[in-house]
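Heads up: the structure comes next, in structure tokens.
FYI, it's all coordinate maths here, none of it is from the lab. Keep in mind that what you see is a predicted model, and the values were worked out from it rather than measured. Quick reminder, even Gly has a Cβ in these numbers, built from the backbone with ideal geometry, and neighbours come from all protein chains shown.
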Amino acid sequence: MPDRGGGPTGPRIRVGRPSRRVRTLLMTLGVLAVLGMVFTMFAGFWTDWLWYRSVHYSSVFTTTLWTKIGLFFVFGLLMALAVGFNIWLAHRLRPPLSAMSMEQQSLDRYRMGIAPYKKWLLLGITALVGLIAGASASSQWRTWLMWVNGVPFHEKDPQFHLDVSFYAFDLPWYRFLLGFGFAAAILSLIAAALTHYLYGGLRVTSPGARATAAATGHLSVLLGVFVTLKAVAYWLDRYGLAVKSSDFKATDNWTGLRYVDANAYLPAKTILFCIAVICALLFFATLWRRTWQLPVIGFGLMVLSAILIGGLYPAIVQKFQVQPNEQAKEAPYVQKNLEATRKAYGIDDAQVSEYPGTSSTKDKTQLRDDVDATASLRIMDPNVVSPTFQQLQQMRKYYAFPNNLDVDRYNKDGKDQDTVIGLRELNLAGVDKQNWINTHFRYTHGYGVVAAKGTEATQGQSPGRPVFTESNLPSEGDLGTYEQRVYYGEKTTTYSIVGGPQKEIDYSDDEGEKTTSYQGKSGVNLANTFNRAAYAVAFGEPQILYSGAIGDGSRILYNRTPKDRVEAVAPWLTIDGDAYPAVVDGRILWIVDAYTTTNGYPYSSRTTLGDTTADSLTATNNSRAVVAQQNQVNYIRNSVKATVDAYTGEVKLYEWDTEDPVLKTWRKAFPGTVEPKSDISADLMAHLRYPQDLFKVQRELLTRYHVQDADTFLSGSEVWQVPDDPTNKSGNAVPPYYLSMKMPDQKQQAFSLTTTFTPNGRDNLSAFMAVDSEAGTGDYGKIRILKVPTSSTVDGPKQVQSQFNSNSQQNIAEFVRLIRGGDSEIEYGNLLTVPLDGGLLYAEPVYVRGGGLKYPLLRKVLVTYEGTTAFEDTLDAALDKVFGAKGSTTEPPDEGTKPPPASSNPTVREALADAQKAFDAGQEALKKGDWQAYGEAQKDLEEALKRAEDAQAKAEKGSGGSKTDGASGGGAGGSSPSPTPTPSSS
């Protein structure tokens, strides 16, 4: 061996041993890399299994897993066998190569090159197509489970008289099988043709016969299989016409047969089926005739027939039979569509009544008390007052409320009260010191419910604030004793590790921070090192593996939003965009509405949930949108009510629609996951309500499908539209509103969900719609529509809002000009509509967000009825003015009559005195029109109020944490002067 770097007597360096070490090292690294990749893939699987087991829905995980695995292997193996067998058969049928043509000689090098690897190449090709086919098939697990578990609807389609379950459960599976068959036939045909070409069975440029007899027979059989599948496709297409969507001027996403379908396409599909069967037989006959002449002629005839019979003939029927008398021809089919659509969306029982739109009562004073009996007008808009809740009840920066609060009802002194409610949830963005321990171990949960009356606002020194019925930290008020910690909520999107050595921050009081340790059984135990390693990989966080903050009893909580948890345990449900909290049986529960859907209901027109449920709220709050549901459906039921415990994370699914065949199908597929309706407690039943997304889908359909005769539907004269939200300039649909009210045929108020309609392209009112949302009552879900005569011109929401903005008699325009001319902003609340004595009462709260103030306060209430408008400080005052009479109800207590509870504190007295000076200075600046001075006064006022609130809070803590009365406005600084002086305050 030659020397390397040494002289004649120098040492010789051997190169072989380092080379082996390098190879060993590389092999070791390769093995470790493979093991790492395998463990990474396994970690995702393992953590999913642990999570499903922790929520006691492991059957959902195993059922979906084994279904996917079964479909993967069955269809992957079938595809691999089909392609592999045809490659093997083509190779077996290859001709002798003794007299090769020049073309085949040029291919000889390819044959020689693959000869040593034929078996491996065959296995590789079949494995590849098998993997692809198996992966595609595994995604059809829902289709398989619905087919194998499908139950009958006991309803038949009007064309073929088959049960609806055939279209909803069977037809999708048959179409999948057909698509798989086409893919297998085409891939087998391509693979066989290439093999025959490579081994001389097919020739392209050589003279003489282009194919051997064996190749001809083999490929003819494959073509025969393809054409046979095409015949099956023609036959299934006949039934597919009942669920086929098409453009039709009567409505978007028309579904079902029309005249041309029933009288041209349907017979054409039958004829094409017969031609395809004959053509397939001709291909199979090539096994004996060894010629493609007849099969090619038959195939050409089939293609020509598809063009003439399947395309040209229907066009002729449409042009010369339908168009000259379209209404008469299409009416029977439109009638079928009307009936099916109304039934599929649950609007077939909608009660449409004529409503005059104008009152017949001359003396309006007698209607004043009728208003209070008719509706509890909500002046606290949950979509506006969240910043107010935030400012008055946040308490700590690491708490926050959702952007849109919720409306519920709670019983107080035997009477239901419409309530605006929100949870004080964890806000990690407000944690001062951001680090891994704080984010995932110390700040783990929110704390408490905050609720306020929906129909009242405070008066006196602090006007326009919510009248809190549950407030402070810890929360106290009308809701009694309940578990206040919120570990699962809409804003809780990151994981937390609880229950271990590291204590959690519970809440803060005058003695400092209180700590706690999670006592629930939720989450996955991290005491096991293997589990920690799996989560470290799955979450990409190595500290989970070695952190000393994790020990015995540590549990990891994730998938913490109510929607995420319900979607995970019931992936076959479509989740409503708005989960809402309620205090039920001493616990905070998130209530989630869930739907069963299908797009296979014959003759029912389709809709896209993501588009239909969009409105001005979802445009600014994606968490309330059903944006993931862009698939089209034509059947929907609110079949399941789900709850998620805010402390334990426990998910419960309750059967709601006991007659829904889609739910029955899924319950067969996932037995034991849905509890019976009878298990719903009375306390929970009191908080269930009609879901918003279903209501929005139904109201969109009712813009056209409120009519029940085909002629009116086709004429388009009764088409309505959902108006744009008049309170903002978003251009999106007005959201539906919850409020307690009674329709003309009801004897007492019921918690309802309401909306308005206007004529297509116009702004006046067409109809008012309400659905009874009182769960557990006989009228729950009953849709009532009050239809205004088309000859009348009753003002719609946009027109009412325009009149509000331009009304000079009530000084509304001047108020708006002064506020906007300064450093303040106006926010309009929900424009509520209530039927009253044949007319329509509109009420709208007006909020002002002053100068440097961060939250809106109620400053005015707009009310209009029969052309009379009032613009007053309170709802009762506005109603009194509109009707010219005093109501028998009492005003909310005047908070200004009570001395401030902390007025003995010198710091508070000094701050309040400064606030009064700033207020007076602001009023003086308003009179002079000096907006710069007004802005400075506003800043001084805000600063003084902040000092007063801080000092008062400090005093309360020092005295043992006494709280202000939640019903009297409660919250921080409930007795301080108005933080937003406006011209209306003087």
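Computed quantities for the displayed model
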{"read-out": "Neighbour-count ranking [beta-carbon atoms within 10 angstrom, fewest first] of Val60, Val861", "value": "Val60, Val861"}
{"read-out": "At R0 = 25 Å, FRET efficiency that the Cβ-Cβ distance of Phe160 and Val352 yields, to 0.05", "value": "0.20"}
{"read-out": "Alpha-carbon centroids, the stretch 139-172 and the stretch 558-599: separation in whole Å", "value": "27 Å"}
{"read-out": "Efficiency of FRET from Cβ geometry, Asp745 and Ala527, R₀ 51 Å, rounded to 0.05", "value": "0.25"}
{"read-out": "Volume per residue of the C-alpha convex hull in the stretch 315-428, rounded to whole Å³", "value": "286 Å³"}
{"read-out": "Dimensions (Å) - the stretch 48-199, Cα atoms, principal axes, largest first", "value": "68, 49, 17"}
{"read-out": "5 angstrom amide H check on Glu718, placed H, neighbours 5+ away", "value": "none"}
{"read-out": "The stretch 575-688: C-alpha gyration tensor shape, a/c 1.5 cut-off, then a/b vs b/c", "value": "oblate"}
{"read-out": "Glu483-Asp510 FRET efficiency (beta carbon distance; Förster radius 22 Å; 0.05 resolution)", "value": "0.45"}
{"read-out": "Rounded D (µm²/s) - the stretch 494-559, Kirkwood Rh over Cα pairs, Stokes-Einstein at 20 °C, 1.002 mPa s", "value": "171 µm²/s"}
{"read-out": "Options Ala549, Ile505, Leu526, ranked by Cα towards positive dipole end of the stretch 494-559, top entry (Cβ charges)", "value": "Leu526"}
{"read-out": "Cα→Cβ-extended label distance, 7 Å offset, between Lys668 and Lys119, nm", "value": "4.7 nm"}
{"read-out": "Whole-Å distance, taken between Cα centres, linking the stretch 822-844 and the stretch 472-529", "value": "40 Å"}
{"read-out": "Relative counts (whole %) of C-alpha pair distances in the stretch 233-341, using bins that are 10 Å wide", "value": "14, 36, 26, 14, 8, 2"}
{"read-out": "Of His687, Gln698, Ser717, farthest towards positive along the dipole that unit charges on Lys, Arg, Asp, Glu beta carbons give the stretch 681-722", "value": "His687"}
